[in-house]
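Note sheet for the following structure.
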Amino acid sequence: MPKAAPPKRFNWRLTFAILFGFVLFVSTAMATRRVQSMLLTNDRFALESDFLAPAAGGAPVIPGIRIEGNRYVSRERILHVFAPDVNKSIFRIPIAERRRRLLGIDWVEEASVLRIWPNRLIVKVRERRPVAFAKLPVGNGQQFHYMLIDAQGVLLSVPKQKFDFPVLTGVTEDQSDIERRQRVVAMQTLLTQLGPAAHGMVTEINAATPQDLRVSARVGGHNVELWLGDRRYLARFQDFNNHFDEIMRQSDGASVFDLRIDNNILTVQQPGSRKEVEK
């Protein structure tokens with residue numbers, strides 16, 4: 001007859017390990033919850049401190065926020081993003097959402113928000129770099145207002161600082177950033193090619209058609225508009241400048257000149273009317 005199998009022994013070690021693991025899990029979860037509750041509710045971790053009474057300039061103050069990298073965007077515009085977080089735990093602050101709102105400020109190109117133990121924030125921003133004043137039409141285009149524009153075609157509010165930039169026309173607020181960027185790139189290509197030759201002379205660049213650029217310039221004491229086209233900007237500008245006195249004697253008071261045909265200069269008396277100037 002087969003022998004009966006011996007009864008299995010109760011595995012106290014396994015049972016103890018399971019119970020110990022369960023108790024450890026529960027105690028860890030409870031401790032984590034207590035720590036989390038403390039971080040979210042304890043006044044020690046509240047963003048320092050309340051909005052104080054506005055200063056002389058009407059600016060709110062949040063001592064618990066340090067801002068780095070801002071030169072043109074005001075501290076007040078940045079602090080306004082964090083107004084809902086005053087007197088709340090820094091661990092309740094939705095960092096990703098605050099960063100998204102910071103990027104909604106026109107001057108802010110990049111931003112980060114860091115929590116600093118126990119109750120402070122560091123906000124770091126990288127600002128956009130303007131390259132020109134954008135002359136923007138208002139209404140029917142008879143009036144204009146000015147903003148700054150960066151290399152990506154983003155329009156920027158004008159701060160109190162002074163800037164020495166050319167004026168770019170042919171851009172509008174209705175255009176996309178990409179459309180404005182194409183016009184900025186065309187303007188920068190023209191200015192790069194002209195280099196020092198046009199320094200202090202070119203005051204406005206019309207890039208309404210990026211492949212047909214026109215500039216307003218002050219040459220020999222006269223305000224002129226030069227149609228430079230899409231290439232050989234420096235050669236065409238120098239040709240006009242070198243023969244300026246003779247051109248003005250033959251121009252019959254014209255102030256608009258078409259230089260798009262190499263080695264030729266045409267006065268533009270009225271739309272559709274051209275007169276060649278002999279050099």
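Count, please, the residues in the range 233-246 that happen to be within 31 Å of the chain's Cα centre (by Cα) and without any contact (Cβ under 8 Å) to a residue 40 or more places away in the chain. Explain how you work it out, then say what you get.
We begin by selecting, within the range 233-246, every residue within 31 Å of the chain's Cα centre (by Cα); these are 233-234.
If we keep only those that are without any contact (Cβ under 8 Å) to a residue 40 or more places away in the chain as well, we get none.
Within the range 233-246, residues that are within 31 Å of the chain's Cα centre (by Cα) and without any contact (Cβ under 8 Å) to a residue 40 or more places away in the chain number 0.
Residues that are closer than 13 Å to Asn206 by Cβ number at least 2 in the following strands (runs of 3 or more DSSP E) confined to the range 127-179: 130-138, 167-169. Residues being surrounded by fewer than 18 Cβ atoms within 10 Å (Cβ to Cβ) and closer than 27 Å to Ile149 by Cα are entirely absent from the range 261-278. Looking only at the range 94-125, residues that are over 21 Å from the mean Cα position of the chain (by Cα) and buried (at least 21 other Cβ atoms within 10 Å of the Cβ) come to 1 in all. Of all residues in the range 103-140, those satisfying the criterion of being closer than 19 Å to Arg92 by Cβ, aliphatic (A, V, I, L, M) and out of contact with any Ser or Thr (no Cβ under 8 Å at 6 or more places or on another chain) are Val113, Leu114, Ile116, Leu121, Ile122. Residues that are among the β-branched types (Val, Ile, Thr) and in contact with an Asp or Glu (Cβ under 6 Å, 6 or more places away or on another chain) were ranked within the range 222-268; the one that is farthest from Ala208 (Cα to Cα) is Val268.
Just to check your reading of the model, which residue among Leu194, Leu213, Leu168 is in contact (Cβ under 8 Å) with a residue 40 or more places away in the chain and surrounded by 13 or more Cβ atoms within 10 Å (Cβ to Cβ)?
Details: Leu213 fails: in contact (Cβ under 8 Å) with a residue 40 or more places away in the chain; Leu168 fails: in contact (Cβ under 8 Å) with a residue 40 or more places away in the chain.
Just a single option satisfies the conditions, and that option is Leu194.
Across the range 183-202, what is the total count of residues that are aliphatic (A, V, I, L, M) and part of a loop (DSSP other than H, G, I, E, B)? Going through the range 183-202 one residue at a time, the tally reaches 1.
The rows are residues; the columns are (1) touching a strand residue (DSSP E or B) at 6+ places or on another chain (Cβ under 6 Å); (2) among the small types (Gly, Ala, Ser).
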{"site": "Asn87", "(1), (2)": "yes, no"}
{"site": "Ile93", "(1), (2)": "no, no"}
{"site": "Val108", "(1), (2)": "yes, no"}
{"site": "Leu114", "(1), (2)": "yes, no"}
{"site": "Ile122", "(1), (2)": "yes, no"}
{"site": "Arg128", "(1), (2)": "yes, no"}
{"site": "Ala132", "(1), (2)": "yes, yes"}
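In the range 68-113, what count of residues is obtained for those that are outside any helix (DSSP H, G or I) and either within 16 Å of Arg128 (Cα to Cα) or touching a Gly at 6+ places or on another chain (Cβ under 6 Å) (or both)?
So the count comes out to 16.
Okay, residues lined up against (1) more than 12 Å from Leu191 (Cα to Cα); (2) in a helix (DSSP H, G or I); (3) touching a strand residue (DSSP E or B) at 6+ places or on another chain (Cβ under 9 Å); (4) charged (D, E, K, R):
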{"site": "Glu204", "(1), (2), (3), (4)": "no, no, yes, yes"}
{"site": "Arg218", "(1), (2), (3), (4)": "yes, no, yes, yes"}
{"site": "Glu225", "(1), (2), (3), (4)": "yes, no, yes, yes"}
{"site": "Arg236", "(1), (2), (3), (4)": "yes, yes, yes, yes"}
{"site": "Asp239", "(1), (2), (3), (4)": "yes, yes, yes, yes"}
{"site": "Met248", "(1), (2), (3), (4)": "yes, yes, yes, no"}
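Residues that are touching a Pro at 6+ places or on another chain (Cβ under 6 Å) and of a type in the set (A, V, I, L, M) within the range 66-87 comprise just one, Leu79.
For (1) within 28 Å of Met147 (Cα to Cα); (2) at pLDDT 95 or above, each residue gets a yes or a no:
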| residue | (1), (2) |
| --- | --- |
| Val167 | yes, yes |
| His199 | yes, no |
| Ala208 | yes, yes |
| Val215 | yes, yes |
| Leu228 | yes, yes |
| Tyr233 | yes, yes |
| Asp239 | no, no |
| His243 | no, no |
| Arg249 | no, no |
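Condition check ((1) among the β-branched types (Val, Ile, Thr); (2) in contact with a Phe, Trp or Tyr (Cβ under 9 Å, 6 or more places away or on another chain)) across all residues:
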site	(1), (2)
Trp107	no, yes
Ile116	yes, no
Ser157	no, yes
Glu179	no, no
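The values are calculated or read from the model by the stated rules, or taken from the named source; none is laboratory data. In this text the structure is predicted, and so the values were computed from the model without any measurement. Note: ideal-geometry Cβ built from the backbone for every residue, glycine included; neighbour counts use all protein chains shown.
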